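Everything on this sheet refers to the single structure shown next.
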Amino acid sequence: MSDPVGNLLELLDIERLELDLFRGQSPDERANQRVFGGQVIAQALVAAQRTVTDRMCHSLHAYFIRPGDPKVPIIYQVDHARDGGSFTTRRVVAIQHGKQIFNLAASFQVAEDSWEHQHDMPDVPPPESLKELRERRLEIVDKVPDRLREEFTRERDIEMRDVSPLDLFHPEPSSDVHQVWFRVAREVGDDPALHQCLLAYASDMSLLGTGNRPHGLTWFDPKLMSASLDHAIWFHAPVTFSDWHLYAMDSPFAGSGRSFNRGSIYNRQGKLVASVAQEGLMRMKKPKT
């Protein structure tokens, strides 16, 4: 039987080659695509985590430099930037074909008590009242080219339920506010570091498209060229990603061929567990001459 979550866990269990050198693979079904950005973020975070003890990641900042090649392994090289009393910093460089494709800086902190405040979670319908992504896609699969149908409707490792989905083929301009319930598709144990990595992996889903919404664009539009340029996550609280979380996104700016997108991630109880920001390419494709 298909086990997308098991495949994802295997993907994140990167191989240690040396003390600070790791090797990650890409899933077979992406052999004809570029590497998914969330995969590289999560694998790089795993590499950094494996050089740190007794403290959790509180923030990461990453740049996508070149498209990843899914047909060859990715080498992750970790640099011990600093080991302090409260904070530990790591830099991770991802390499393919002898060139950097991605780099990440991550900071880890010991647990501390402090003052607390947060914005309230938006009032949205519960996930049980919404259709799952795959269910919605099966309803429109006849509109998808044959070569894309298997990938379009495959079982997913991350379950997603969109509060206000756009019509993929005939989208109307809409608000930049975009809200999605998501979680890993089955129980995965209680390792807090793993749950952080799973959230990091999923945080690159839906965010890039948020900037497209005011312009009535989706990734099916042949005029659109899009890709993640950078990605940042701030972890505010422990994550249990086998439970539902609300990804509340918006896009306050687009221009110069880029869109800026933000996300706040709340657990089912309304606690803000992470904040995300990303700039993405949003360029009109030039006609071939």
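With helices defined as uninterrupted DSSP H runs, which ones in the chain have an alpha carbon span along their own long axis of at least 30 Å and mean Kyte-Doolittle hydropathy of at least -0.5? Intermediate values should be presented prior to the final figure.
Numbers: long enough: none.
Once both thresholds are applied, nothing remains.
DSSP loop (so not H, G, I, E, B), at most 12 other Cβ within 10 Å: list which trypsin sites (Lys or Arg not before Pro) in region 199-274 pass both filters. Could the numbers behind the result be given before it?
Details: sites: 223, 258, 262, 268, 271; in loops: 223, 268, 271.
Here the sparse-neighbourhood loop sites are 223.
So which of 223/288; 143/286; 223/286; 71/285 end up more than 20 Å apart, counting from Cα to Cα?
Working: 223/288 12 Å; 143/286 25 Å; 223/286 8 Å; 71/285 26 Å.
143/286; 71/285, as the Cα separations exceed 20 Å there.
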Return the whole-Å distance between the Cα centroid of region 177-207 and the Cα centroid of region 1-25. 17
Mind checking region 190-259 for chymotrypsin sites (Phe, Trp or Tyr not before Pro) that DSSP puts in a loop (not H, G, I, E or B) and that have at most 13 other Cβ atoms within 10 Å? 219
Taking Cα pairs closer than 8 Å and at least 6 residues apart, the relative contact order of the chain in percent is 17
Using a probe of 1.4 angstrom, how much of the accessible area of region 35-96 is carbon and sulfur, in percent? 52
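Full extension from residue 281 to residue 33: what is 0.36 nm times the residue separation minus their Cα-Cα distance, to one decimal in nm?
Working: separation 248, 0.36 × 248 = 89.28 nm, distance 1.72 nm.
Working it through step by step, the gained length comes to 87.6 nm.
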Please give me, ordered by residue number, the chymotrypsin sites (Phe, Trp or Tyr not before Pro) of region 92-142 that lie in loop per DSSP and have at most 12 other Cβ atoms within 10 Å. 115
Can you give me the distance in nm between label points at residue 269 and residue 95, each placed 7 Å from the Cα along the Cα-to-Cβ direction? 4.4
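The values are calculated or read from the model by the stated rules, or taken from the named source; none is laboratory data. Bear in mind that the values here come from a model prediction, so they are computed numbers and not experimental data. A quick note on method: Cβ atoms are made from the backbone with ideal geometry, for glycine too, and the neighbour counts reach across all protein chains shown. Areas reflect the complete protein model, heavy atoms only, side chains present, ligands, DNA and RNA absent. Shrake-Rupley method; radii C 1.70, N 1.55, O 1.52, S 1.80 Å.
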